[in-house]
Each structure stands twice: as structure tokens, then as C-alpha cells.
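Report on the structure given below.
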Amino acid sequence: MKIVIKVGSSTLTHTSGKLDFRMIDRLVRVIADIKNEGHQVVLVSSGAQVAGMSRLRLERKPDDITKKQALAAVGQCELMAIYDRFFSDYGYNVGQILLNKQVIDIPALKENVTNTFNALLDYDCIPIVNENDSVEVEEIKIGENDTLSALVATFIGADKLIMLTDVDAFYDGAPDDEGSRPIPVIETIDDRIRQLAGGAGSDKGTGGMFTKVSAADIATSAGIDVHIVYGKKPDLIYDVLDGKRAGTVFKKKKQEN
Ligand code: GLU
């Protein structure tokens with residue numbers, strides 16, 4: 001199977017804001033292992049700005065866009081260095097792909113980048129994707145990696161998109177409320193589901209359930225199953241691939257042909 005895995009900043013970091021190496025190592029080990037099983041994997045990883053913040057010893061994220069872009073430039077190097085080191089421990093090479101909105105809007109660029117993805121997968125590498133934060137200004141950027149991961153999944157014709165997140169499923173109410181129950185399977189993304197998805201999530205990442213549901217809308221419409229699972233337990237990826245219940249699955253829409 002071709003699988004896109006999306007991991008957010010809050011899964012990759014400790015509450016201190018520093019990178020959570022144990023977590024990253026677990027995730028890398030699972031990805032390397034499912035590669036050994038024969039799957040192809042693309043990793044969409046956030047965390048550039050958070051990593052840059054910690055590298056530059058800043059207490060909080062600056063409001064100024066240029067400074068955020070500088071953070072992303074520093075942090076992206078740090079992130080890739082860690083992924084490169086950890087994946088090579090398990091015998092795999094990584095390749096960095098930074099995307100921006102133009103790549104999605106301009107067909108020739110989209111084709112070029114899709115070819116690069118395919119070539120990397122043919123070389124058995126793990127493409128690691130993020131938005132090119134240092135060239136994108138707020139008004140024109142994709143803005144969060146949930147949507148980006150859905151677009152990448154459509155580019156490469158993925159079978160599954162697995163979004164690792166800081167809640168363990170999509171709930172029928174606020175996840176913290178005692179009465180709320182997880183919804184294991186969502187066949188159709190309708191207004192009720194959109195309403196339940198509510199607003200944005202934590203202050204570390206930029207996506208909440210709302211962007212996850214819009215991303216699921218894009219990917220399921222392209223015939224891709226989308227799974228939301230608890231990021232701090234990357235072993236759940238095995239359950240998803242084994243067809244066991246884990247988090248929430250948004251079922252792909254039936255394709256007319
Ligand atoms: N591209 C941003 C970063 O790596 C994060 C976007 C997101 O959190 O979805 O810092």
C-alpha cells in the first residue's frame with residue numbers, strides 16, 4: 001500500500017516545546033518496519049517552527065511573520081537532521097520535499113513534484129514533506145499540514161492517509177466531556193460532522209479537528225481512506241494496517257468509473 005502519514009507539532013514535542021526524541025524514534029521505527037513489510041510511506045511532518053523556537057531559545061512564538069519564517073528555516077534543518085539520523089539507524093534514506101501553494105495551483109509544478117515523489121519511492125526513500133514556510137507569507141500559504149497531507153495523498157494516489165493527532169479519535173462531542181463518545185467509522189462527511197469538528201486545536205500546531213475534517217473531505221473524495229489516530233502511540237499504525245479498530249476512519253467515497 002501507499003500510505004501518507006501526517007504528524008503534527010504537538011505530537012513531536014514535549015510540553016517544554018523541545019523535540020520529543022523518544023516519540024520521534026518510535027514513529028520512525030514503525031515507519032521503517034512497515035516499509036520492511038513492503039509498504040511505501042510518505043511522511044508529512046510539521047514541527048519546523050517549534051523546533052526553530054527551541055533552537056533559538058525563544059520562550060514564545062514571535063508574532064512577526066518574517067521571524068516565524070526564520071524559525072521555520074532553522075527548525076526545518078533540525079527536524080531533517082533528526083529524521084535523517086533516526087531513519088538511517090533503521091537502514092532507510094529520507095528526502096526533503098518542501099511545498100507551497102503554487103505547486104498545487106500550477107499543473108506543471110504539480111506534475112514535477114509528483115514525479116519527484118515517485119522517484120523517491122522507487123529509490124525506497126521516505127519523502128518527508130512540509131510547507132515551505134520560509135518562502136510563503138500568511139495570506140497565500142496553505143497554512144496547515146492537514147490539508148497539505150491530503151493533497152500529497154492525492155498527488156501520489158495513496159491508499160491511506162493516517163493523521164496522527166493529540167486526541168485518540170473523532171468524538172460526538174467535546175473530547176473532554178464525560179458524555180462524549182468516539183465515532184469509530186464515518187461513512188459520509190455531512191454538516192453534522194463538520195459542526196462537531198468545531199474550531200482550531202492547540203497553540204502548537206495550526207490544525208484542529210476542523211482542518212482534519214476538511215482534509216478528510218479532500219482525500220476521501222479522491223478515493224483514499226483517512227484515519228485519525230492518537231499520535232503518541234504510533235504502534236496504532238499497525239492496527240490501522242491490520243484493519244483493526246483504531247481511532248476514527250473516514251471512509252473513502254465510492255468512485256464512479
Ligand atoms: N509548517 C509548519 C511547521 O512545520 C506547521 C504547520 C502545521 O502545524 O500544520 O512548523
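Please treat every number below as a calculation from the coordinates, not as lab data. Source: prediction; values computed, not measured. Here the Cβ is made from the backbone with ideal geometry for all residues, glycine too, and neighbour counts use every protein chain on show.
Three principal axis extents describe the C-alpha atoms of the range 18-118; from largest down they are 43, 39, 14 Å. Calculate the dipole size of the chain relative to its Cα centre from +1 charges on Lys and Arg beta carbons and -1 charges on Asp and Glu beta carbons; express the result in debye to the nearest 20. With Lys and Arg at +1 and Asp and Glu at -1, about 280 debye. Sparsely packed loop sites in the range 104-178 (the GluC sites (Glu not before Pro) outside DSSP H, G, I, E and B with at most 12 other Cβ atoms within 10 Å) comprise Glu178.
Span-like helix criteria (full DSSP H runs; alpha carbon extent of at least 24 Å along the helix axis; mean Kyte-Doolittle hydropathy of at least -0.5) are satisfied in the chain by 65-89. Under the simplified labelling scheme, the Arg245-Ile65 pair shows an inter-label distance of 4.6 nm, with each label point 7 Å from Cα along Cα→Cβ. Cross-link partners for Lys251 among the aspartates and glutamates, with Cα-Cα distance under 12 Å and sequence neighbours closer than 8 places in the same chain left out: Asp159, Glu187, Asp217, Asp225. Have a look at Pro182, Asn130, Leu236 and report the one farthest towards the positive end of the charge dipole of the chain, computed about the Cα centre with Cβ charges (Lys/Arg +1, Asp/Glu -1). Most positive-ward Cα: Leu236. Structural size metrics of the range 114-257, computed from C-alpha coordinates, are Rg and Dmax of 15.6, 48 Å. Each peptide in 147-155, 15-23 receives the mean, over its residues, of other Cβ atoms within 10 Å, and ordering these scores from highest gives 147-155, 15-23. With viscosity 0.890 mPa s and temperature 25 °C, the Kirkwood radius over alpha carbon pairs of the chain converts through Stokes-Einstein to a diffusion coefficient of 134 µm²/s.
Sorted into 5 angstrom bins from 0, the C-alpha pair distances of the range 1-45 split as 6, 22, 27, 22, 14, 7, 3, 0 percent.
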